[in-house]
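Participant: Pasting in a structure now, in structure tokens, and then I'll have a few things to ask.
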Amino acid sequence: MGKKIFSGVQPTGNLHLGNYLGAIKNFVHLSNDIDNNCIFCVVDLHSITVKQDPKELRNNIRETVATFVASGIDPKKSIIFNQSRVSAHSEAAWIFSCVARMGWLNRMTQFKEKAGKDKEKASIGLFSYPVLMAADILLYDATHVPVGDDQKQHLELCRDIAQKFNNDFQIDDFFKIPEPLIQKQFSRIMSLKDGTKKMSKSDLSDFSRINLTDSSDEIINKIKKAKTDIMPMPVSQKELEKRLEAKNLIGIFSSIADIDLEKIIKRYSGKNFSEFKKDLSQVIVDKIYPISKEIKKLMGDTVYLDKILSDGCDKASEIASKKIKKIHEIMGF
Ligand code: AQP
């Protein structure tokens, strides 16, 4: 039986190789299976948990749609829409914030990382972010959620909310309990500058990530400057455990070129990083450059991008409004 897929990407600009390899590549793969029903959401309500410039946000929403399409998602086969246009997301998020417990949210590591030392100044939305994410998923009865490894904890919270709602109102199976779809290997791509930090849109250094809109020269330059250690290329997988930057670069190679890790280690074993980096740049350029070119082309056709969003919004609204109506009935509204 086919899967009901739901996943989202924040329109916060600088979509990068981590977003692509951790999430979007998998979206494309799943959407190519005709048995699956796929919904891909531009989660603009999530993005305002930190300050956004309205003009940039509008542009970033379109750029996220362009990235989906340029990467290979067909808007005729999958629903693509932006979250703020389907009001059921905000409604369900409020209801779920009365289901979720403070203790559950207090355990979320992403809030701790993003709020940093200044927790008092973080928005309430940043704290309750996973509750809105649960609304996104549960409104569509999604069975599977393709995400990067960093979202695993949020998905567990979504499952807890679904379970508690079903138990509280004694309706087995009203909310489906969604399964995460996380790639087995290299589900967390790390910064090019620091193998202990994930590659991230908000990193101040542009050299920490490969943006999906980078030119070939920018990609080559960033890989050339990517941090490594002074030793030659590793000779075994075991060695990678202590060499985080080498592990990340080899992982990127393996994931983007779909080549087994062991084969790559064997090919470059004991050689200089420079030779490996040259080949790595090439495989990234081969994959990313066509996407980047297509994003730029699509960004010139805002009418087309807006049409994708309004068609997607109609389809998503139809599904979500039926579910929220049932939620209201169950709760006694
Ligand atoms: N480094 C990563 N490796 C693998 N997967 C990643 N994802 C993000 N970073 C990596 C996955 O991409 C999807 C969309 O992410 P998002 O836009 O919703 O937000 P994010 O996780 O907050 O992305 P960033 O880049 O880390 O943004 P900032 O800098 O704002 O925190 C998700 O499935 C995510 O797992």
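Participant: Please label the shape of the range 264-320 as rounded, prolate or oblate, based on the square roots a ≥ b ≥ c of the eigenvalues of the alpha-carbon gyration tensor (a/c under 1.5 means rounded; beyond that, a/b larger than b/c means prolate, else oblate). Please report the intermediate quantities before stating the final value.
Facilitator: Details: a/c = 7.81, a/b = 2.63, b/c = 2.97.
Oblate.
Participant: Name the residue from ASN248, SER274, SER215 whose Cα lies farthest towards the positive end of the charge dipole of the range 206-297, charges +1 on Cβ of Lys and Arg and -1 on Cβ of Asp and Glu.
Facilitator: SER274
Participant: A further question follows. So how strong a dipole does the range 9-163 carry about its Cα centre when Lys and Arg Cβ are +1 and Asp and Glu Cβ are -1, to the nearest 20 debye? Provide the component values of the computation, followed by the final result.
Facilitator: Details: 17 positive and 17 negative charges, 76 e Å.
The dipole magnitude comes to about 360 debye.
Participant: What is the sum of charges, Lys and Arg at +1 and Asp and Glu at -1, for the other residues whose Cβ falls under 10 Å from the Cβ of ILE256?
Facilitator: Details: positive: LYS25, LYS287; negative: ASP258, ASP286.
Summing Lys/Arg as +1 and Asp/Glu as -1 gives 0.
Participant: Right, something else. Which trypsin sites (Lys or Arg not before Pro) does the range 113-142 hold that lie in a coil by DSSP with at most 12 other beta carbons within 10 Å? Mind showing how you got there, number by number?
Facilitator: Numbers: sites: LYS114, LYS117, LYS119, LYS121; in loops: LYS117.
Those that pass, being in a loop and sparsely packed, are LYS117.
Participant: Here's a follow-up. For the range 293-333, what percent of Cα pairs sit more than 15 Å apart? The partial results should precede the final answer.
Facilitator: Details: 486 of 820 pairs.
In whole percent, the long-distance tail amounts to 59.
Participant: At R0 = 51 Å, how high is the FRET efficiency between LYS121 and LYS307 if r is their beta carbon distance? Nearest 0.05 is fine.
Facilitator: Values: r = 39 Å, r/R0 = 0.77.
Step by step, r from the Cβ atoms, then E = 0.80.
Participant: Select from GLY8, SER202, PHE40 the residue farthest towards the positive end of the dipole of the chain; place +1 on Cβ of Lys and Arg, -1 on Cβ of Asp and Glu, and compute about the Cα centre.
Facilitator: SER202
Participant: For the chain, with every protein chain kept in place, what is the accessible area per residue (1.4 Å probe, Å²)? Walk me through the numbers before you get to the answer.
Facilitator: On the way: 16680 Å² over 333 residues.
Heavy-atom SASA per residue in the chain reads 50 Å².
Participant: Going by a ≥ b ≥ c, the root eigenvalues of the Cα gyration tensor, does the range 230-278 fall in the rounded group (a/c under 1.5), the prolate group (a/b larger than b/c) or the oblate group?
Facilitator: Numbers: a/c = 1.42, a/b = 1.20, b/c = 1.18.
It is rounded, given that a/c, with a ≥ b ≥ c, falls under 1.5.
Participant: A further question follows. May I ask you to compute the full-extension gain from ASP194 to LYS293, defined as 0.36 nm times their residue separation minus their alpha-carbon distance, rounded to one decimal in nm?
Facilitator: Values: separation 99, 0.36 × 99 = 35.64 nm, distance 2.84 nm.
Stretched out fully, the ASP194 to LYS293 stretch lengthens by 32.8 nm.
Participant: Take GLN237 and ASP286, extend 7 Å from each Cα along the Cα→Cβ direction, and tell me the distance between the two endpoints in nm.
Facilitator: That separation, rounded to one decimal, is 2.3 nm.
Participant: Explain nothing, just the number: relative contact order of the range 187-236, from Cα pairs under 8 Å at least 6 residues apart, as a whole percent.
Facilitator: Worked out over the range 187-236, it gives 30 percent.
Participant: Can you tell me the convex hull volume per residue for the chain, based on C-alpha atoms, in Å³ to the nearest whole number? Please list the in-between numbers first.
Facilitator: Working: hull volume 48.6 nm³, N = 333.
Output value, Cα hull per residue: 146 Å³.
Participant: Give the relative contact order (percent, whole number) for the chain; include only Cα pairs under 8 Å separated by 6+ residues. Before the final figure, lay out each step's value.
Facilitator: Details: 495 pairs, mean separation 75.6, N = 333.
Result for the chain is 23 percent.
Participant: At each listed q (0.24 Å⁻¹), what is the log10 of I(q)/I(0) that the Debye formula gives for the range 206-297 modelled as equal alpha-carbon point scatterers?
Facilitator: -1.25
Participant: Looking at the square roots a ≥ b ≥ c of the eigenvalues of the Cα gyration tensor of the range 82-180, which shape do they give, rounded for a/c under 1.5, prolate if a/b is larger than b/c, or oblate?
Facilitator: On the way: a/c = 1.57, a/b = 1.56, b/c = 1.00.
Verdict is prolate for the range 82-180.
Participant: To the nearest 10 degrees, how steeply does helix 273-299 sit against the main Cα axis of the chain, on a 0 to 90 scale?
Facilitator: In the chain, helix 273-299 runs at an angle near 40 degrees to the longest axis.
Participant: Using only Cα atoms and rounding to the nearest 10 degrees, what angle (0 to 90) does helix 54-71 make with the longest principal axis of the chain?
Facilitator: 70
Participant: Compute the helix-to-body angle for 302-331: its Cα long axis versus the longest principal axis of the chain, expressed 0 to 90° and rounded to tens.
Facilitator: So the inclination is approximately 50 degrees.
Participant: For ILE330, put the label point 7 Å out on the Cα→Cβ axis and report which residues of the range 134-153 keep their amide N under 11 Å from it.
Facilitator: 138-139, 141
Participant: Quick one: pull the percent of accessible area on the chain belonging to carbon and sulfur, 1.4 Å probe, ligands and nucleic acids left out. Let's see the in-between values first.
Facilitator: Values: 8560 of 16680 Å².
Ligands and nucleic acids excluded, carbon and sulfur give 51 percent.
Participant: Okay, next question. Lys/Arg Cβ at +1, Asp/Glu Cβ at -1, dipole of the range 206-297 taken about the Cα centre: which of ILE264, THR228, ILE295 is farthest positive-ward?
Facilitator: Comparing the listed Cα positions along the dipole, THR228 ranks first.
Participant: Let me ask something additional. Evaluate the distance, in nm, between pseudo-label points positioned 7 Å from the Cα of ASN32 and of GLU218 along their respective Cα→Cβ axes.
Facilitator: Placing both labels 7 Å beyond Cα along the Cβ direction yields 2.6 nm.
Participant: Just need the relative contact order of the range 206-297 here, percent rounded to a whole number, with Cα pairs under 8 Å and 6+ apart. Write down the numbers at each step before the final one.
Facilitator: Values: 94 pairs, mean separation 37.8, N = 92.
Reported relative contact order: 41 percent.
Participant: Still on this structure: What's the magnitude of the charge dipole for the chain around its Cα centre, counting Lys and Arg as +1 and Asp and Glu as -1 at the beta-carbon? Answer in Debye, nearest 20. Before the final figure, lay out each step's value.
Facilitator: On the way: 52 positive and 44 negative charges, 152 e Å.
For this selection, approximately 740 debye.
Participant: If you place +1 on the Cβ of every Lys and Arg, -1 on the Cβ of every Asp and Glu, and leave all else neutral, what size is the dipole of the range 206-297 about its Cα centre, to the nearest 20 Debye? Walk me through the numbers before you get to the answer.
Facilitator: Working: 19 positive and 15 negative charges, 23 e Å.
With only Lys, Arg, Asp and Glu charged at Cβ, the dipole is about 120 debye.
The values are calculated or read from the model by the stated rules, or taken from the named source; none is laboratory data. Since the structure is predicted, the reported quantities are computational estimates derived from the model, not experimental observations. All Cβ positions, even for glycine, are placed from backbone atoms using ideal geometry, and neighbour counts span all protein chains on display. These accessible areas exclude ligands, DNA and RNA; they are computed on the full protein's heavy atoms, side chains included. Shrake-Rupley method; radii C 1.70, N 1.55, O 1.52, S 1.80 Å.
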